[in-house]
Protein chains: 2
Amino acid sequence: MLTAGLPPRLGAVPRRGEPVPALVAGASGPTPRPASQGGSPGQSVWIVSAVTGTIPPMRGLMQDYPLTIDAIFRHVEQHYGDGTIATAGPGGITRSTYAEWAERTRRLGGVLDTLGISADGRVGTFGWNSQRHLELYFAAPSTGRVLHTLNIRLFPEQLTYIANHAEDEVVFVDRTVLPLLWPLVDTMKTVRHVVVMDDGGDNEIPDDPRVSDYETLLAEASPVDFHVTDENSAASMCYTSGTTGNPKGVVYSHRSTWLHTMGVMAPNAFGLGIQDVAMPVVPMFHANAWGIAQAAPAAGASLVMPGSMMQPQALADLIVDEGVTFTAGVPTIWQGVLPHLAGRPHKLRDIGCGGSAVPRALSEAYREQVGLPILQAWGMTETHPVASSGVLPRRYADADDETKAAQRARAGTPFLGVEARIVDAETLEPQPWDDEATGELQVRGPWCAQDYYNPDAGVVLSTEDGWMRTGDVAAMDPYGSIRIADRTKDLIKSGGEWISSVDLENAIMSHPKVKEAAVVGVPHPKWDERPLACVVVKEGETMTEQEVLDHLRPQVAKWWMPDAVEFIDEVPKTSVGKFSKKDLRSRFAEFPARD
Amino acid sequence: MLTAGLPPRLGAVPRRGEPVPALVAGASGPTPRPASQGGSPGQSVWIVSAVTGTIPPMRGLMQDYPLTIDAIFRHVEQHYGDGTIATAGPGGITRSTYAEWAERTRRLGGVLDTLGISADGRVGTFGWNSQRHLELYFAAPSTGRVLHTLNIRLFPEQLTYIANHAEDEVVFVDRTVLPLLWPLVDTMKTVRHVVVMDDGGDNEIPDDPRVSDYETLLAEASPVDFHVTDENSAASMCYTSGTTGNPKGVVYSHRSTWLHTMGVMAPNAFGLGIQDVAMPVVPMFHANAWGIAQAAPAAGASLVMPGSMMQPQALADLIVDEGVTFTAGVPTIWQGVLPHLAGRPHKLRDIGCGGSAVPRALSEAYREQVGLPILQAWGMTETHPVASSGVLPRRYADADDETKAAQRARAGTPFLGVEARIVDAETLEPQPWDDEATGELQVRGPWCAQDYYNPDAGVVLSTEDGWMRTGDVAAMDPYGSIRIADRTKDLIKSGGEWISSVDLENAIMSHPKVKEAAVVGVPHPKWDERPLACVVVKEGETMTEQEVLDHLRPQVAKWWMPDAVEFIDEVPKTSVGKFSKKDLRSRFAEFPARD
């Protein structure tokens, strides 16, 4: 087979403006290259290598324009000044325009100077989705600093660890969550300033020289120019709250943020345009609000920020009252919002959902009661976070509802910019795309992480051939659509074979009496592990183990059938709202094995 | 005012994998930086400069994944294999899938090897919009070669000049246009191969050792691997057919193509997604088919290629029969198609239009007779080519039809990735965005050209501060929406003031009896220049000079009124279908001046 890579060439190609390499005497002598091809007038022409007989490949002649967040900022400032930002809070809705936001964001750059934050200092945030948080999202990276979003739902020890690990110099904190942060400030060694953003409520503000008020600082500051030149410099950090080991920091660059913004904006992803009103329910304090905090302004879409008003009724009211066209959040959010939204008039065109597998029954309930199914997206902190979506391929346009629902329940097709493969855990061989073979999902692309920030020994994110390990177990169909089988650590290993806890959960949750279900592996002397189903029954309903098993039997292989069903009050959740299987596993670690 | 740029720093930041700079003895000694921040294990840590006291800024930790066309190719190959390509031709419609296209494109890479094309050799094409042309669009750059689209409508001397200037090694030519190319082949000094793509008809194929058949070569070749690693290497070339001087070559890079593809795909541009069926009428032989040849496959949209079937009736039939949802072409195309499309059922959601100003009357006629107005886009070969569009900002959603029509007649809002300004021709000062001040439109961004390829002496594209000069005269409104006033060279200078020929043409063309109108400046002893209106009357209609002037008078300032109206049979067009004002100016150079 012929191969068509570039031929070996003479050292590195000179970059525009850099000196051209010294002449090497070649048998055929120098080959003239146009001045526009890298040589400056008066400098040597590029040459034919005596060794390879080749010349460096021709270069594009486009502008060296860096992909930076301040360029996105300017785009919003210049063209979408009349776009609106509505932020909900205990005292009602605060309204602003992108023009006002932009002026404040430039002032906020001045505040960071006033506070003496280092040139690439980490700027911590501890707050809800709000206009002020959006000011920080742009002011920190646009002045060369690094935005570091702290997850308000983490345990105190984790917060201390993360702030120290990232070396945060300042934390901007919403008044409504100040009591969660303030007791920890003395444990955060590098934090010199705490800036309180007053989002309502009456939490006491400590009388301490480190504490200042956001609006006061802003009023006193002068707006600054933004001009970041290196697209590969750090723009922001986000720590993953893994269930084992210390939290791990992902460092996004300006380039990766720019490209992820474009990726999220595309019609095969969230399809954000100037006609939209977007409401990110997914928090800005974790996983970048799935890129919506950058992509909505970049598209000129107006924003609705729920602030601390995260109750299902409040979210449903915002969707209806503010004319929201696109929103996104984790499954548990939409589970709660459904009864408050069903039957009401709205302008929604898409409801994005991810973070954990979207139960098919939930999506179908939305289709029936709200008029549109849920749009599943897949990704993780390490993929910025959005990497694929379940936008329905045209091949299923005329399919029956059953087929469409099955397609929508998939993580779906990777976006342009993300490549995916599945790799066998033991042989490390890429697996066929037949929707049956499973393996670890691995990805690569310009918004996939290469390394963690200063990781603990032994923590390795990338494979030797440059792919990112996701820790998810998946299959891919012949069109490369991803079906997540499970997290690697949540798979149940029974008799040398793997059982997908997610598949079992989806099957159980399709029972009308079931509110939530989580399946975990419990130790078994003969089979190694066996599945245990933990089921939460809907209010006012009662259910027997036999009902669950009868419902499951026609849907799964016999050896996948759970050995037992435990009825629990609720499934424990992680700080970001995912099922905490770790907690369930330890709770049922001593569960008596059955034959 | 505080400024917030990055501080001076110690030389260049090391790239990942490059050696860290040697230690410089600093007063404060070395500052440890994590290994994940650029240092390899065992190498020196980064250091505090004794001079600046700073350390290099923190870097992102995302993958070094190049933005290359072969990555777009893989995305299409892996995920959209069942998408279709329909190519029209004299013998009917040929149908294929992206899966078949991808396999053929890999084979075509093998053909380029077989023909001995250099590692970065220029691969000329001379043909219509077709599947084969799309194979060339991806195979040439994905093997490191440089695609060079030759405009089949150029004059013979221009074609010879361009092929020699670019040093084309091969030309792939459609059989239907072979008679235009073959007589020139001996004048193209570097062309060693002519590959005929048989798109129908019975043009004679020369018996010459340089000539081979596309399908025969493809059948004999083996598919190749694609792997381009440098996103700044050249991917394709396109020459602008200026009205003065030699044609000038623009060299697109892989990176610029990738980013333009994302830009065109966004909802504020053409909004291409997997649900679309796209038909580029704008030719692939000039200005990249406005990016649709890359963006439609990249989005998984199916393609309809008109081939040589460019007659208005044939285009209208393709739109209706093939369920086209998005199409794009120059105004004269849509002028011709209108009567054939009016009143027929269709699935169009947008009709893109550009290349020259879209007459408002044409857009309104489409709104009334086809059900949707025309979507104007602006750009030029030097901007890849699409830079802005008239997608209606939400602020006009509830405006009256008149206001909406006026907004749609603008070049509109630059895309994310393109920055624009207007600069006074004499003072070189940026002008205010008040929609009144005019000046040269200048742009910058990752898909704007920096230089021409080996330009003639004195041809300069960029300003000293790094903006690209467009040669268009424009105003911008307070939201940065662009209104093109004229090409610099088409402005009419009268008594020291400028008159926009485009504004006059639009006003005249809104008369129901007028088919086309072009206004040019003719010499005047007192006023320097005065406008002359050249009007083409619709078939079956008659018109007097007085009717034209009476129609115009309430619409424009008194001193803008043309001194005379000439009725002509048709407006001469350039090779790409634009009004050739140069021809009109020379025809009327001796026009008698009036007082």
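For the reader, a short list of remarks on this structure follows.
- Residue check for residue B:287: within 23 Å of residue B:413 (Cα to Cα) and modelled with pLDDT under 95: yes
- Set side by side, the residues B:315, B:341, B:348, B:362 differ, and just one is at pLDDT below 95 and either in contact with a helix residue (DSSP H, G or I) (Cβ under 7 Å, 6 or more places away or on another chain) or under 21 Å from residue B:391 (Cβ atoms) (or both), which is B:362.
- Considered as a group, the residues in the range B:532-586 that are assigned to a loop (DSSP other than H, G, I, E, B) and in contact with an Asp or Glu (Cβ under 6 Å, 6 or more places away or on another chain) include one that is surrounded by the most Cβ atoms within 10 Å (Cβ to Cβ), and that residue is B:571.
- Helices (runs of 4 or more DSSP H) completely within the range A:163-266 that count 1 or more residues being out of contact with any Lys or Arg (no Cβ under 9 Å at 6 or more places or on another chain) and over 21 Å from residue B:416 (Cα atoms): A:178-181, A:214-220
- Meets criteria (among the β-branched types (Val, Ile, Thr) and away from chain B (no Cβ under 14 Å)) for residue A:93: yes
- Failed condition for residue A:110, given (1) more than 20 Å from residue A:234 (Cα to Cα); (2) within 12 Å of chain B (Cβ to nearest Cβ): (1)
- Apart from one condition, residue B:197 fits all of (1) over 24 Å from the mean Cα position of the chain (by Cα); (2) at pLDDT below 95; the exception is (2).
- Among (1) crowded, with 21+ Cβ neighbours inside 10 Å; (2) of a type in the set (Val, Ile, Thr); (3) out of contact with any Phe, Trp or Tyr (no Cβ under 8 Å at 6 or more places or on another chain), the one test that residue B:123 misses: (3)
- Residue selected from the range A:220-246 under the condition surrounded by fewer than 22 Cβ atoms within 10 Å (Cβ to Cβ) and under 16 Å from the mean Cα position of the chain (by Cα), by the criterion nearest to the other protein chains (Cβ to nearest Cβ): A:240
- Only residues that are surrounded by 14 or more Cβ atoms within 10 Å (Cβ to Cβ), out of contact with any Ser or Thr (no Cβ under 6 Å at 6 or more places or on another chain) and either more than 22 Å from residue A:134 (Cβ to Cβ) or not small (Gly, Ala, Ser) (or both) were counted in the range A:189-214, giving 14.
- Filtered residues of the range A:118-144 (kept if free of Cβ contacts under 8 Å to residues at least 60 places away in the same chain and touching a strand residue (DSSP E or B) at 6+ places or on another chain (Cβ under 6 Å)): A:121, A:123, A:136
- Of all residues in the range A:575-595, those that are farther than 16 Å from residue A:501 by Cβ and in contact (Cβ under 8 Å) with a residue 40 or more places away in the chain have Cβ atoms under 7 Å from Cβ atoms of residues that are small (Gly, Ala, Ser) and surrounded by 15 or more Cβ atoms within 10 Å (Cβ to Cβ), 6 or more apart or on another chain, in A:575/A:241; A:576/A:241; A:576/A:355; A:577/A:355; A:594/A:564.
- Scanning the range B:367-386 for residues that are buried (at least 24 other Cβ atoms within 10 Å of the Cβ) and either outside any strand (DSSP E or B) or more than 8 Å from the chain's Cα centre (by Cα) (or both) yields B:373, B:374, B:375, B:376, B:377, B:378, B:382, B:383, B:384, B:385.
- Inclusion of residue B:441 among residues that are within 13 Å of chain A (Cβ to nearest Cβ) and either within 30 Å of residue B:285 (Cβ to Cβ) or surrounded by 23 or more Cβ atoms within 10 Å (Cβ to Cβ) (or both) is not warranted.
- Search result, residues across the range A:318-338 that are over 20 Å from residue A:386 (Cα atoms) and of a type in the set (A, V, I, L, M, F, W, C): A:318, A:319, A:320, A:324, A:337, A:338
- Verdict on residue A:264 being in contact with a Cys (Cβ under 6 Å, 6 or more places away or on another chain), β-branched (Val, Ile, Thr), within 14 Å of chain B (Cβ to nearest Cβ) and buried (at least 24 other Cβ atoms within 10 Å of the Cβ): no
- Test result for residue B:492, at pLDDT below 95, more than 26 Å from residue A:277 (Cβ to Cβ) and not acidic (Asp, Glu): yes
- Test: residue in the range B:92-100 that is at pLDDT 95 or above, crowded, with 24+ Cβ neighbours inside 10 Å and of a type in the set (Asp, Glu): no
- In a residue-by-residue description of the range B:88-95, the property of being among the aliphatic types (A, V, I, L, M) and under 27 Å from residue B:252 (Cα atoms) applies to no position.
- Candidate set from the range B:319-355 (those that are within 23 Å of the chain's Cα centre (by Cα) and farther than 29 Å from residue B:483 by Cα); member that is farthest from the other protein chains (Cβ to nearest Cβ): B:319
- For the residues B:529, B:516, the requirement of being farther than 27 Å from residue B:432 by Cβ and in a strand (DSSP E or B) singles out B:516.
- Answer residue from the range A:142-155, given it is more than 14 Å from every other protein chain (Cβ to nearest Cβ) and hydrophobic (A, V, I, L, M, F, W, C) and is surrounded by the most Cβ atoms within 10 Å (Cβ to Cβ) among those: A:150
Every residue, every condition in (1) within 9 Å of chain B (Cβ to nearest Cβ); (2) polar (S, T, N, Q); (3) under 23 Å from residue A:240 (Cβ atoms), yes or no:
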{"residue": "A:446", "(1), (2), (3)": "yes, no, yes"}
{"residue": "A:449", "(1), (2), (3)": "yes, no, yes"}
{"residue": "A:462", "(1), (2), (3)": "yes, yes, yes"}
{"residue": "A:475", "(1), (2), (3)": "no, no, no"}
{"residue": "A:480", "(1), (2), (3)": "yes, no, no"}
{"residue": "A:490", "(1), (2), (3)": "no, no, yes"}
{"residue": "A:508", "(1), (2), (3)": "no, no, no"}
{"residue": "A:516", "(1), (2), (3)": "no, no, no"}
{"residue": "A:528", "(1), (2), (3)": "no, no, no"}
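- Considering the range B:411-462, the residues that are in contact with a helix residue (DSSP H, G or I) (Cβ under 7 Å, 6 or more places away or on another chain) and among the hydroxyl-bearing types (Ser, Thr, Tyr) include one that is farthest from residue B:235 (Cα to Cα), namely B:413.
- Hits in the range B:386-423 (condition: within 11 Å of chain A (Cβ to nearest Cβ) and hydrophobic (A, V, I, L, M, F, W, C)): B:391, B:392, B:397, B:415, B:416, B:418, B:420
- Residue in the range B:156-171 that is more than 14 Å from every other protein chain (Cβ to nearest Cβ), farther than 21 Å from residue B:574 by Cα and either within 26 Å of the chain's Cα centre (by Cα) or buried (at least 17 other Cβ atoms within 10 Å of the Cβ) (or both) present: yes
- Test: residue in the range B:468-476 that is touching a residue at least 12 places away in the same chain (Cβ under 8 Å), assigned by TED's automatic domain parsing to the domain that holds residue B:378, part of a loop (DSSP other than H, G, I, E, B) and within 18 Å of the chain's Cα centre (by Cα): no
The values are calculated or read from the model by the stated rules, or taken from the named source; none is laboratory data. Fair warning: this is a prediction, and the values are worked out from it, not measured in the lab. Cβ coordinates were reconstructed from backbone atoms using ideal geometry, including for glycine residues, and neighbour counts include every protein chain displayed.
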